[in-house]
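Participant: Got a structure here, written out as structure tokens. Questions coming.
The values are calculated or read from the model by the stated rules, or taken from the named source; none is laboratory data. Predicted, not measured: the structure shown is a model, and the values here were computed from it. A quick note on method: Cβ atoms are made from the backbone with ideal geometry, for glycine too, and the neighbour counts reach across all protein chains shown.
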Amino acid sequence: MGKHVLLVEDELNIIEAIRFLLSREGWQVDTHSDGATALATIKDMRPDLVVLDYMLPGKSGLDILTELRADPAFQALPVLMLTARGQSRDREMAERAGVSRFMTKPFSNTEVMTAVRDLVQLAQ
Amino acid sequence: MTEPSPPPVFLERRSYRRRRIMDALRLLPVAGVLLWLLPLFWPTAADGPDAPAPLAMSDAVVYVFFVWVVLILAGAALWWALRASADPTEGIVRDDR
Amino acid sequence: MASVNQLIAVSLGYVAFLFAIAFFAERAAARGRGGWLRSPLVYTLSLSIYCTAWTFYGAVGYAARSGMEFVTIYLGPSLVMIGWWWALRKLVRIGRVHRATSVADLISARYGKSNLLAIVVTVMAVIGVTPYIALQLQSVTLSLSIFSGPEGAGSLNQFRAAFWVAFGLAIFTVLFGTRNLNANERHDGVVIAIAVEAVVKLVALLAVGVFVVWGIAGGLGPMMDRIDTSPIGQWNMDRSRWVALTALSAAAFLALPRMFQVMVVENEDERHLQIASWAFPLYLMLMSLFVVPIAVIGLDLMPAGSNPDLFVLTVPLSEGRVGLATLSFLGGFSSATSMVIVATLALSTMMSNHVVMPVWLSARAEGAQVSGDVRDVVILARRASILMIIGLGYLYYRFSGGGAALAAIGLISFAGVAQFLPAMLGGIFWRGATRWGALAGLVVGFTVWVYCSLLPSFGPGAVLSVATFDNGLWGIGWLRPLALFGIEGIDPTVHAVAWSLTLNTAVFLIVSLVTFPEPLERLQGAQFVNVFDHSTQARGWDAALATSEDLMIMTQRILGAEEAQILFRAEARRQGVHGQLPEPTQAFLQHLERELAASVGAATAHAMISQLVGGASVSVQELMAVADESAQILEYSNRLEAKSDELTRTARQLREANQKLTALSVQKDAFLSQISHELRTPMTSIRSFSEILRDTEGLGEVEQTKYASIIHGEAIRLTRLLDDLLDLSVLENGQVSLNLDTGQLGDVLAQSILTAQAGSARHLEVVRHPGEDPVRLMTDLDRLNQVFINLITNAQKYCDAAEPRLEIDVRRTDTAVEVVFRDNGTPIAPEARALIFEKFARINDQDGSGAGLGLAICREIMTRLGGDITLDPTLKGNVFVVRLPQLAALAAQ
């Protein structure tokens, strides 16, 4: 498929896992682990999909998402958000901020891959 | 997101008024300086024969003292207003000790 | 005509009356019944020492010569008072918070408590103000001579009269100015006396004015006509003088030592300033209301050539109103005496605090250890200074011949003290102002003032030669004292004021910009400039805390950090207060004072503590103790005091508990999210990789091993978190068993440093002091190790300095062994200090690597080991102290 995904996550092992899963399906995977500069990187790279962690050093995933959606050019960009905090309030906030899909860690690999495929199809 | 309910209106208004009184307090000396600088533009005898006739001393005295009285009254009024707007909250602070 | 003798009798009666008022005021204050002495009215009236004899008599003379120009001297102060919000509010707050005793004290305190600066300011103030005191003596004797009549002029020896006036003033100032050294340099007797004098001079001038307008001129309308037909009937103003003199009087009003004394030092309540902000301009307005009419009538009635400075006296006398003239004389007398008293008081405080005492202390330090009561010395020094300053004033009067040279000294003196203004205002509004900047500005401004204003005032050929006036110093044209830089045609006063203040300010700014302040200077600068941020919490129950912290810092400076901390901790324990800092109760302050006195002498210690603590409650207590009227009253009040202390303490404990609970519940929510995150994150990797291992076919062996070890690592991380939680809960429930063992503290530390640094990517420089005593321990070494590792790891994680550095120091006290961990990062905010040892507390939320349990575990461990761990309040860096009981430390081999 040759699609491009940007993974914003600060846990090395989780990066490793998701990279393995996506690249196996032919995705080009780029990663970024600092919250403060993530927004600029997203705008810079213009990926087809963003996988965004909720708790990031520097700036939270929620803030990044809110700011991203404020830019008209990125309102349709599929964003899959992952969180380990497990509070229902977080999901509501993320949905209000315009998340495309919200998943709680730990996730099953098939779930993630299904979600990624759905999102890309929806976007096309 | 729902904001927490705003504090009672009269408090808002009180603190707003207090701020404006403080602004007025800051401006009062500026007004004083400007008004008392005005005599610089009055003609004097030293300006030479072409200048308009110098101001009569009685008028000068009246002007300077009039400005003075206005500043004093304004200062007193602002002090009174500041005290009136501050008293209730200060009472609470004092009870806190 | 009233005879001079009658007049002297009236004056003596008046003086006796003032003595009596001052005496009763002091007595009332000493009995704690002096509240009325400190009303806004008294405060406003005390400010009137701005109006000296120079303004009382001189204003009319001034008006007779130059019309309305006299009023500029009142306009400046009126503007400053009306604009109190800008500068005075801050000045008064700073003066009160920092217990400034004088202008010199304020400036020196702002610039890192530099005594050099204080001495310079003191010397400048003495040079600037002494001639002014001479002027007051002159005015009193001159007015006295009016009554002796032209034919009897020889009957009054002016110099002798001046001597007796000076003598009387010195007695009064010594009696009421130096009675109590300690009570914040406040002088109830003096203040009430000058307030009474303020009323007398206002009433006197108004009475003469009313007499002139309605008694002589015949009402307002005719008066106005007479004004316009008089020699000063036209507006004839030098514009540059109008502006310069207004600005100069405003500057002098802020910088005059005597004004600082009444405005800041004697201020009891900041709210009084708000009232004075309009009430004092009102006073000034009334003082100048009748000046022009009196001048006009004087010019009209009095023979040509008579001294217009004395119209206030001579006009009523010429109309046969001896009573009115006597009242007017008393007004002038009041103006002169109140100015001399307060100016002398202010100057003598500066002299004794900044010149005499430092010299005396350093002289004593060479000999025996300073002991005994130094307070007597301070009082003696102050009295000697008073006599010296009034003596100097008298000598100046004597040798200047009491002639015209003195008349000009008023403005010259103003220009001299105005030189303090850049350093003062710069110091309270600009944190970048430095000691060297202030010093350079003061010296340059003062030099220009001496050269362009003071020396020329003696006339050409007196001090400066005629050649210097014409051709400049050493023949350099642009150094002419009345035309600096070759700019001619400026009015001499405007010239001196403009150049001295401009150069002063410029040098002050430039030198401040290029020099670097010392740490203490920066600290003081921040406290001065941000005084409102700091002192808002200095109210209410926080005040106690802030003062205790100040006391602590001061005590550390004198006794050393360790002894100070032991002293404070013991007191806190005795009072039953949680934490490091005890309440500053009466008993504790006395105890502390005695401790300090052993090192630096009683007066210094006393002055230090009273400067820090201040506050009405303390001084009233002290005064009551001094009065010692009856043991019953004392005991009763003591009991009340104890009771109120107890209530305050209980309230504070409740408040502390409540705050903690609220903060904890917020933290608990955050912790649930946190713990969820901590548990789910490793779980995510484990689940994901185990699914990969299970579902992926044909995975290489290398990858299989790699993913398995990730799963393994994350499983360990999970275990560790659970261990921490369990560890803490076990420690908290007291179910822990200790493995007591003996070992060297040094070895434990070395091992901790090794372990902590092995696991970290961030660089941290750990410094140990090589010379420390070997300490053998009998305790649970593993647990101790755990605490040390935690502290070192924390420093690694959270120390935000560019070059993170951790110093580890071991010290022995009588009762304990202390291991001190001092890093160079940003100090933890005071409000967070109380919480960091609580569970779930995380000061830095950005980093997710800790669950906020480390310090809580450390505290529990240290409690189990019979010691404790604290975070000491410091000015920079964070200092954690791990304290082991003496029992755990075996005697060194």
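Participant: Give the range C:444-462 a look and list any residue that's closer than 10 Å to C:Asn504 by Cα and out of contact with any helix residue (DSSP H, G or I) (no Cβ under 8 Å at 6 or more places or on another chain), or say none.
Facilitator: Within the range C:444-462, C:Thr447 is the sole residue that qualifies.
Participant: Pull out all pairs, ordered by first then second residue, where Cβ-Cβ is under 7 Å, the residues are six or more apart or on different chains, the first lies in the range C:171-193 and is farther than 13 Å from C:Asn267 by Cα and assigned by TED's automatic domain parsing to the domain that holds C:Ile389, and the second is basic (Lys, Arg) and at pLDDT below 80.
Facilitator: Note: pairs meeting the criteria are C:Leu181/C:Arg375.
Participant: When the residues of the range C:663-704 are filtered to those that are at the interface with another protein chain (Cβ under 7 Å from one of its Cβ atoms) and of a type in the set (Ser, Thr, Tyr), which remaining residue is nearest to the chain's Cα centre (by Cα)?
Facilitator: C:Ser673
Participant: Could you please give the count of residues in the range B:43-64 that are within 7 Å of chain C (Cβ to nearest Cβ) and either closer than 27 Å to C:Trp278 by Cβ or not in a loop (DSSP other than H, G, I, E, B) (or both)?
Facilitator: 8
Participant: Condition first: at pLDDT 80 or above and aromatic (Phe, Trp, Tyr). Now tell me which residues in the range C:1-45 satisfy that.
Facilitator: C:Tyr14, C:Phe17, C:Phe19, C:Phe23, C:Phe24, C:Tyr43
Participant: Which one of A:Arg96, A:Arg91 is basic (Lys, Arg), closer than 22 Å to C:Ala670 by Cβ, loosely packed, with under 14 Cβ neighbours inside 10 Å and free of Cβ contacts under 8 Å to residues at least 40 places away in the same chain?
Facilitator: Matching residue, one of A:Arg96, A:Arg91: A:Arg96.
Participant: Quickly run through the range A:1-39 and pick out the residues that are more than 13 Å from the chain's Cα centre (by Cα) and in a helix (DSSP H, G or I).
Facilitator: Passing the criteria: A:Leu12, A:Asn13, A:Glu16, A:Ala17, A:Phe20, A:Leu21, A:Ser23, A:Arg24, A:Ala36, A:Thr37.
Participant: Got a number for residues in the range A:112-124 being within 10 Å of chain C (Cβ to nearest Cβ) and surrounded by fewer than 17 Cβ atoms within 10 Å (Cβ to Cβ)?
Facilitator: Residues that pass the stated criteria total 0.
Participant: Could you list, in sequence order, all residues of the range B:54-87 that are modelled with pLDDT of 90 or more, surrounded by 19 or more Cβ atoms within 10 Å (Cβ to Cβ) and small (Gly, Ala, Ser)?
Facilitator: The answer is B:Gly75, and nothing else.
Participant: It is to be established whether one or more residues within the range A:59-66 are assigned to a strand (DSSP E or B) and crowded, with 20+ Cβ neighbours inside 10 Å.
Facilitator: Looking for residues that are assigned to a strand (DSSP E or B) and crowded, with 20+ Cβ neighbours inside 10 Å, one finds none in the range A:59-66, hence no.
Participant: Here's another thing I want to ask about it. Looking at A:Phe102, is it more than 28 Å from C:Asp669 (Cβ to Cβ), more than 10 Å from every other protein chain (Cβ to nearest Cβ) and crowded, with 17+ Cβ neighbours inside 10 Å?
Facilitator: no
Participant: I would also like to ask the following. Please find, within the range C:820-860, the residue that is nearest to the other protein chains (Cβ to nearest Cβ) out of those that are in a helix (DSSP H, G or I) and modelled with pLDDT of 80 or more.
Facilitator: Here the answer is C:Gly854.
Participant: Also, quick follow-up: Does C:Thr101 fit the bill of being assigned to a loop (DSSP other than H, G, I, E, B), touching a residue at least 40 places away in the same chain (Cβ under 8 Å) and away from chain B (no Cβ under 14 Å)?
Facilitator: yes
Participant: Could you please tell me which pairs satisfy a Cβ distance under 7 Å, a separation of 6+ or placement on different chains, a first residue in the range C:71-90 that is at the interface with chain B (Cβ under 7 Å from one of its Cβ atoms) and under 27 Å from C:Gly58 (Cα atoms), and a second residue that is surrounded by fewer than 24 Cβ atoms within 10 Å (Cβ to Cβ) and of a type in the set (Phe, Trp, Tyr)?
Facilitator: C:Leu75/B:Trp36
Participant: What helices (runs of 4 or more DSSP H) lie completely within the range C:156-248 and have 1 or more residues being surrounded by fewer than 16 Cβ atoms within 10 Å (Cβ to Cβ), away from chain B (no Cβ under 14 Å) and on the phi < 0 side of the Ramachandran plot?
Facilitator: Ranges flagged: C:158-177, C:188-210.
Participant: Give the residue, chosen from C:Trp449, C:Trp541, C:Trp474, C:Trp478, that is of a type in the set (Phe, Trp, Tyr) and modelled with pLDDT under 70.
Facilitator: Every option except C:Trp541 fails the conditions.
Participant: Of the residues in the range A:71-99, how many are within 14 Å of chain C (Cβ to nearest Cβ) and farther than 26 Å from C:Arg687 by Cα?
Facilitator: Residues in the range A:71-99 being within 14 Å of chain C (Cβ to nearest Cβ) and farther than 26 Å from C:Arg687 by Cα: 1 in total.
Participant: Still on this model: Look through C:Ile94, C:Ile107, C:Ile119 and report the one residue that is over 14 Å from the mean Cα position of the chain (by Cα), in a helix (DSSP H, G or I) and away from chain B (no Cβ under 14 Å).
Facilitator: The unique qualifying residue is C:Ile119.
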